[in-house]
Amino acid sequence: MATTEEIEKYCRNCVSRDFVNGKGLVCKRSREFPAFEEECENFENDEELTKMAPPKPEDFPVTMTREELLAQENLLKGLLLAIIASLVGAVAWGLVSVSTGYQIGYMAIAIGLVVGFAMRQGKGIRPIFGIIGGALALISCVLGDFFSIIGFASREYDMPFFEVLTQADFKTVFSIIEENLVSMSTLFYVIAVYEGYKFSFRPQNQPKGGQI
């Protein structure tokens, strides 16, 4: 026959359980303390009680070792996706700037996020993932600024974009980019690089300051 402790533990989860002052746990059917050999034929699990129960240790994801995390890294995948994201971001920057007539520094913040999350798909934990993400975010910002300048010139001189691109004085273009960089754009570029670095790592093991 089951012990008193085993019966109490078993019946605690039954919809027929009840508590009576002076008696403690009893069965609603008999109003007495339950008595059975191994299992009660009238047992009915209390689903609502189960929902309120705290999670068990096995319900939590198992922490992966560094070796297991490294085995899942895919630098090539992250790099390719981040390059695509950086190109798309640069083109988007140019289109938005030309269509609005303004150089929008906030585009750099969006680019940093997009490039970082694209790089994250490589499930990296090593600093190289963040370094690449930050570098590509910066390149995307500069490229977006470049496309904007060419786009503004194309609209001003009423010339096709690619015609201006092939005839542009790149020394002058990059001097304009440099002027933009030392102005208010610097802060946005720094944020973009930071985001490109920070968000390039898998969230389960995100390095700080290049450390794992």
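The values are calculated or read from the model by the stated rules, or taken from the named source; none is laboratory data. Keep in mind it's a predicted model, so treat the numbers as computed, not measured. No Cβ is skipped: glycine too gets one built from the backbone with ideal geometry, and neighbour counts run over all protein chains shown.
Only one of these is touching a strand residue (DSSP E or B) at 6+ places or on another chain (Cβ under 9 Å), aromatic (F, W, Y) and part of a helix (DSSP H, G or I): F152, F147, F129. Name it. Step through it out loud before you land on a result.
Details: F152 fails: touching a strand residue (DSSP E or B) at 6+ places or on another chain (Cβ under 9 Å); F147 fails: touching a strand residue (DSSP E or B) at 6+ places or on another chain (Cβ under 9 Å).
Exactly one residue qualifies, and that residue is F129.
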Based on what the data block shows, is A92 touching a residue at least 40 places away in the same chain (Cβ under 8 Å), of a type in the set (A, V, I, L, M, F, W, C) and in contact with a helix residue (DSSP H, G or I) (Cβ under 6 Å, 6 or more places away or on another chain)?
no
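Could you say which residue among A168, A137 is modelled with pLDDT of 80 or more and among the hydrophobic types (A, V, I, L, M, F, W, C)?
Working: A168 fails: modelled with pLDDT of 80 or more.
Answer to the check: A137.
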Unmet requirement for I139, which otherwise passes all of (1) over 11 Å from V193 (Cα atoms); (2) out of contact with any Phe, Trp or Tyr (no Cβ under 8 Å at 6 or more places or on another chain)
(1)
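Here is a list: L25, L75. Which entry is within 30 Å of G116 (Cβ to Cβ), at pLDDT 75 or above and surrounded by 10 or more Cβ atoms within 10 Å (Cβ to Cβ)? Walk me through it before giving the result.
On the way: L25 fails: within 30 Å of G116 (Cβ to Cβ).
Testing whether each residue is within 30 Å of G116 (Cβ to Cβ), at pLDDT 75 or above and surrounded by 10 or more Cβ atoms within 10 Å (Cβ to Cβ) leaves just L75.
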